[in-house]
Amino acid sequence: MKNILILGAGGQIGSELVPYLRGIYGDAHVVATDVKPNEVLKAAGPFEVVDALDAKRLGELADTYRIDAVFNLVALLSATGEKNPTLAWRINMGALTNALELGREKKAAVFTPSSIGAFGPSTPKDKTPQDTVMRPNTMYGVCKVSGELLGDYYHTRFGVDTRSVRFPGIISNVTLPGGGTTDYAVEVYYAAVKGEEFVCPVSEGVYMDMMYMPDALRSIVELMEADPAKLKHRNSFNVAAMSFCPSKLFEAIRKQAPSLKVRYEIDPVKEQIAQSWPNMLDDSCARSEWGWKPEWDLDSMTRDMLEKVGEKKTKGLI
Ligand code: VAH
């Protein structure tokens with residue numbers, strides 16, 4: 001990859017993926033785009049305001065910057081998608097279709113994340129296989145399964161180099177996530193640092209796969225740089241790092257921030273979604289086909305999150 005175009009660069013993943021990629025490939029080789037201005041991303045490299053649904057404008061940018069890889073991060077997340085399913089379908093699938101068409105027309109590789117949200121209540125919950133039943137009951141999940149099928153179609157039908165991972169809930173300390181079922185696992189660190197009571201929207205025993213952002217960023221580059229001859233799968237690889245429920249997370253935080261106070265106010269939409277997702281994925285295919293291996297666990301992530309979010313509080317940023 002020499003010139004990468006990022007769609008949806010201002011979101012939770014994009015705001016950290018852009019600087020991460022610029023550190024590897026060079027600032028001028030990573031073109032960040034988002035539907036709204038972003039001074040932080042613009043300060044360090046090429047940034048364009050563009051709607052990912054505007055195929056014509058995307059084609060012009062791909063020519064201007066001689067793009068050879070497209071990373072599509074545009075998504076209305078699971079809980080938001082249930083509030084406006086038709087909008088979620090239009091945005092999520094419109095952006096992905098444009099990214100895949102760019103890949104076909106410009107002979108560019110295409111990365112777009114799938115999610116544990118692509119699985120549903122009939123999927124085996126423990127050690128969820130790479131290839132298994134996928135009947136999600138959320139619009140987000142329907143978009144993710146459809147996206148996986150489209151990604152494989154563009155590869156087999158048009159030879160586009162499409163690759164993807166099924167991300168767990170991603171924990172990060174730069175940009176807060178918005179509208180996701182796993183957002184609680186990010187928000188609680190802010191409550192712990194600020195000494196505020198945390199109101200948890202999902203029940204204490206519901207397990208979900210989770211991953212720290214540094215592992216997520218590395219998984220994207222390692223997959224995109226992997227030898228294509230070794231890939232038996234493409235869209236999308238199970239990747240896993242840790243699995244926990246709210247009570248396990250709060251226990252880990254209290255080891256370092258003992259005064260954390262929590263109460264539960266169950267959000268029925270988030271609870272239903274969380275209960276429909278797997279407890280822990282089997283990521284053996286990612287490990288064998290391109291060498292995936294997580295580096296962060298719950299305790300090391302918690303130490304780093306409390307330190308980084310604590311620094312934001314010290315600087316008056318939160
Ligand atoms: C969500 N954070 O909660 C996203 C993610 C696996 C969860 O897809 O919708």
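Things worth noting here:
- Taking 7 Å steps out from each Cα toward its Cβ at Gln275 and Glu307 produces label points 3.9 nm apart.
- Label-point gap, in nm, between Asn84 and Arg254 - each point 7 angstrom along Cα→Cβ: 4.0
- Nearest-ten-degree value, helix 139-158 long axis tilted from longest Cα axis of the chain: 30
- Rg and Dmax of the stretch 212-318, Cα atoms only, in Å: 17.3, 52
- Where both bridge residues fall in the stretch 105-250, DSSP classifies roughly 25% of the beta bridges as antiparallel.
- Rounded tilt (10° steps) of 298-314 against the dominant C-alpha axis of the chain: 90
- Peptide packing for 193-200, 206-213 was compared via the average number of neighbouring C-beta atoms within 10 Å per residue; ordered from the highest value, the list is 206-213, 193-200.
- Hypothetical label at Arg57: residues of the stretch 1-30 whose amide nitrogen lies under 18 Å (7 Å Cα-Cβ projection): 5-11
- Candidate lysines - alpha carbon under 23 Å from Lys313, same-chain residues fewer than 8 apart omitted: Lys194, Lys255, Lys261
- Taking 7 Å steps out from each Cα toward its Cβ at Val199 and Ala44 produces label points 3.5 nm apart.
- P(r) tail fraction, the chain - alpha-carbon pairs more than 36 Å apart, %: 14
- Whole-Hz ³J(HN,Hα) from phi, Karplus 6.51 cos²θ - 1.76 cosθ + 1.60, for the stretch 212-217, glycine and proline x: 7, 3, x, 5, 5, 4
- For the stretch 133-176, alpha-carbon Rg over 2.2 N^0.38 Å: 1.46
- Pairs from the table (Lys83/Lys107; Lys107/Lys144; Lys56/Lys315) lying more than 32 angstrom apart at Cα are Lys83/Lys107; Lys56/Lys315.
- In the stretch 228-297, chymotrypsin sites (Phe, Trp or Tyr not before Pro) in a DSSP loop with at most 12 other beta-carbon atoms within 10 Å: none
- Rounded tilt (10° steps) of 14-25 against the dominant C-alpha axis of the chain: 60
- Length gained on full extension, Ile266 to Arg135: 44.7 nm, using 0.36 nm per residue less the C-alpha separation.
Since every read-out is calculated from the coordinates, none of them should be taken as a lab result. Keep in mind that what you see is a predicted model, and the values were worked out from it rather than measured. Note that we place each Cβ from the backbone using ideal geometry, even for glycine, and neighbour counts take in every protein chain shown.
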